[in-house]
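Worksheet for the structure shown next.
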Amino acid sequence: MIAFENVTKRFPLGNVALESVSFTVNDNDFVFLVGPSGAGKTTILRLIMHEYLPSSGNVTINDQVISSKSFRKIHELRRQIGVIFQDFKILPEKNVYENISLSLKVNKTPSSQIQQEVLKALSLVGLSKKERVFPSQLSAGELQRVAIARAIVGNRDIILADEPTGNLDPKTAWEIMKIFKKLEGRKTIIIATHNTDIVNSLQKRVILMKDGRLIKDMKKGGYEL
Amino acid sequence: MAGFLVLFFTLFLSTAIFVTICFLTGLLGYVETRPQVTVYFQNKTTQDDIFKVRDELSASGKYAKKPAYLPEIAEYLKKQPGVDEVNFQKDIVERLLTLTSIVRLTSLVFFVFLLLMSIVVLTTAILYKIALKKDEIELLRLLGATSFYIKKPFLFEGILFGLIASLMSFGIIAGAIYSLRPFLFSYLRGINYLSLPIANYQLQLWPLSPVFLGVTFVLSALFGITIAILATLLATAKYLK
């Protein structure tokens, strides 16, 4: 379970990214974080990743307060989380297989299992037989699939996706969402997005953010501003 | 490449200095263990007088165990009747002692300079490599890699560079010593054995022994690896902070 308790995040120059935000996400929940640019969606994801520390309040994951300065198990925390970045963060000099296997290597997965897991993930995202292809030979949609495959391998329980369909055409965006749907109920999924069509169609839990504040938390909501 | 060349240069000079100091120390030890005073008597001096001087010297308890005792013995002998001239190794020992001290001091200064220079150059080279891999390192951290996991490839590369540089510098120096053997044989004529005392063990220097060469290589390799590890830790610590 992920819990935000009165979390405020102020940056050194004084701008407030989050203001007294509280919510909980249960295990295997599927949640959309929506809101305009600067609403605080990415800040929430970064706080979960321990990239940021809150200025006040607590962030708890599986009963462990990760938001204190004394929290030292950052790499263990991050091994539980698969992240899909808006800019993909796919390494251009490594092929698809090597990019995905990075996620398993840092998890100390035995090399005998790495091939098995990578091929399974590639099959799930619809990229079978593309494991030796280099990123420069892939489309934006395919790169996003590689990023998803990298996020789901290695038994990562939490999947965070920051604008996963932001750079994609509507058809590809829906294909990407279908992959997330396949993972529903097996992993905790938090997707920060602007995509009104997808949010309105899927009718999942929606946390609406605006100017760093949590405006609405809807169990089966849509994208409303 | 620049980092590797500096490491090689440092190891080459350090190994050459180490071998030179070992030989000078061994030579000094050799001379020190063979103190000798030569006394020339006047022609008129009888054999009985000579034996008398010898017996009196023995009775006085003055033995030439160490070169430091030689001046005293020489002074004593000069005062004896019938003695024409007294010679001892004062000059040789003093020159060797001075030379060894100068070499040791110069080497120490040179060694520290080389050490600092190689660490600075290697650290800069590794920082440059880290900057090239910035995206990969950032991604690895977000995926949950430990600091050691990120440092590991840089450490392995540094250790490999250290080993190769020490192997190359040792190879060149060992080759040079072997090719200079005829010259060394003539230079060290009359000296059958040179050694370096290490605790209770005498490390044979001359004739060239595989143990001495082995020790030289191991020390050179350890030194190279230590420099490489230090530079890697400095560079990664600065970047991963």
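Every number in this text was worked out from the coordinates using simple rules, so none of it is lab data. Because the structure is predicted, anything quoted here is derived from the model rather than measured. Cβ coordinates were reconstructed from backbone atoms using ideal geometry, including for glycine residues, and neighbour counts include every protein chain displayed.
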- Note on the structure: P(r) of region B:37-88 over all Cα-Cα pairs, 5 Å bins starting at 0, rounded to whole percent, reads 5, 20, 33, 26, 12, 4, 0
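In debye to the nearest 20, how big a dipole does region B:37-88 give about its Cα centre with +1 on each Lys and Arg Cβ and -1 on each Asp and Glu Cβ?
Details: 8 positive and 8 negative charges, 36 e Å.
Approximately 180 debye in magnitude.
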- Cα to Cα, under 20 Å, and not fewer than 8 places away if on the same chain: which aspartates and glutamates meet these conditions relative to A:Lys182? A:Asp27, A:Asp29, A:Glu117, A:Glu142, A:Asp157, A:Asp162, A:Glu163, A:Asp197
- Against the rule of thumb 2.2 N^0.38 Å, how large the Cα Rg of chain B comes out: 1.55
- Amide H contacts of A:Lys204 (H built 1.01 Å from N, under 5 Å, at least 5 apart or other chain): A:Gly221
- Query: Is it possible to state the helix-based mean residue ellipticity at 222 nm for chain B, with each DSSP H run of 4+ residues giving -39500 (n - 2.57), the sum divided by total residues, to the nearest 500 deg cm²/dmol? What is it?
  - Reply: -26000 deg cm²/dmol
- Using a 10 Å cut-off on Cβ to Cβ distances, tally the other chain neighbours for every residue of A:98-108 and report the average as a whole number. 3
- Item | Beta bridges per DSSP with both ends in the protein assembly as shown, % antiparallel, nearest 5 | 60 percent
- Dimensions of region A:117-173 along principal axes (Cα, Å, largest first)? 29, 27, 17
- Can you give the mean number of other chain Cβ atoms that lie within 10 Å of the Cβ atoms in peptide A:70-76? 2
- Item | Per-residue Cβ neighbour rank within 10 angstrom, fewest leading, A:Lys41, B:Lys238 | B:Lys238, A:Lys41
- Message: Two decimals, Cα atoms only, Kirkwood Rh: what is Rg/Rh over region A:23-142?
- Response: 1.01
- Under a Gaussian network model of chain B whose springs join Cα atoms within less than 10 Å, the largest fluctuation of B:Arg34, B:Arg189, B:Arg95 belongs to B:Arg189
- Quick one: check the C-alpha center-to-center distance for region B:86-164 versus region A:41-68, whole angstrom. 41 Å
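Using the per-residue mean of other Cβ atoms lying within 10 Å as a proxy for protection, in what order, highest first, do the peptides B:146-156, A:27-37 fall? Let's see the in-between values first.
Values: B:146-156: 15.8, A:27-37: 18.5.
The packing order, highest mean first, is A:27-37, B:146-156.
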- Query: Residues of A:77-86, mean number of Cβ from any other protein chain within 10 Å of their own Cβ, rounded to a whole number?
  - Reply: 2
- What is the diffusion coefficient of chain A in µm²/s, taking the Kirkwood radius over Cα pairs and the Stokes-Einstein relation at 37 °C with a viscosity of 0.692 mPa s? 183 µm²/s
- Mind putting together the pair-distance distribution for the protein assembly as shown? All Cα pairs, 10 Å bins, whole percent per bin, short to long. 4, 15, 18, 15, 10, 9, 8, 7, 6, 4, 3, 1, 0
- Item | the protein assembly as shown, dipole about Cα centre (Lys/Arg Cβ +1, Asp/Glu Cβ -1), debye to the nearest 20 | 1000 debye
- Dipole moment magnitude, nearest 20 debye, chain B about Cα centre, only Lys, Arg, Asp, Glu C-beta charged: 620 debye
- Alpha-carbon Rg/Rh ratio, for region B:129-241, with Rh computed the Kirkwood way: 1.23
- Message: With the cut-off at 1.5 for a/c, could you classify region A:111-225 from its C-alpha gyration tensor as rounded, prolate or oblate?
- Response: prolate
- Item | Dipole of chain A [Lys/Arg +1, Asp/Glu -1 at C-beta], most positive-end residue of A:Val59, A:Ile190, A:Asn28 | A:Asn28
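Taking a ≥ b ≥ c as the square roots of the eigenvalues of the Cα gyration tensor of region B:72-168, is the shape rounded (a/c under 1.5), prolate (a/b larger than b/c) or oblate?
Verdict is prolate for region B:72-168.
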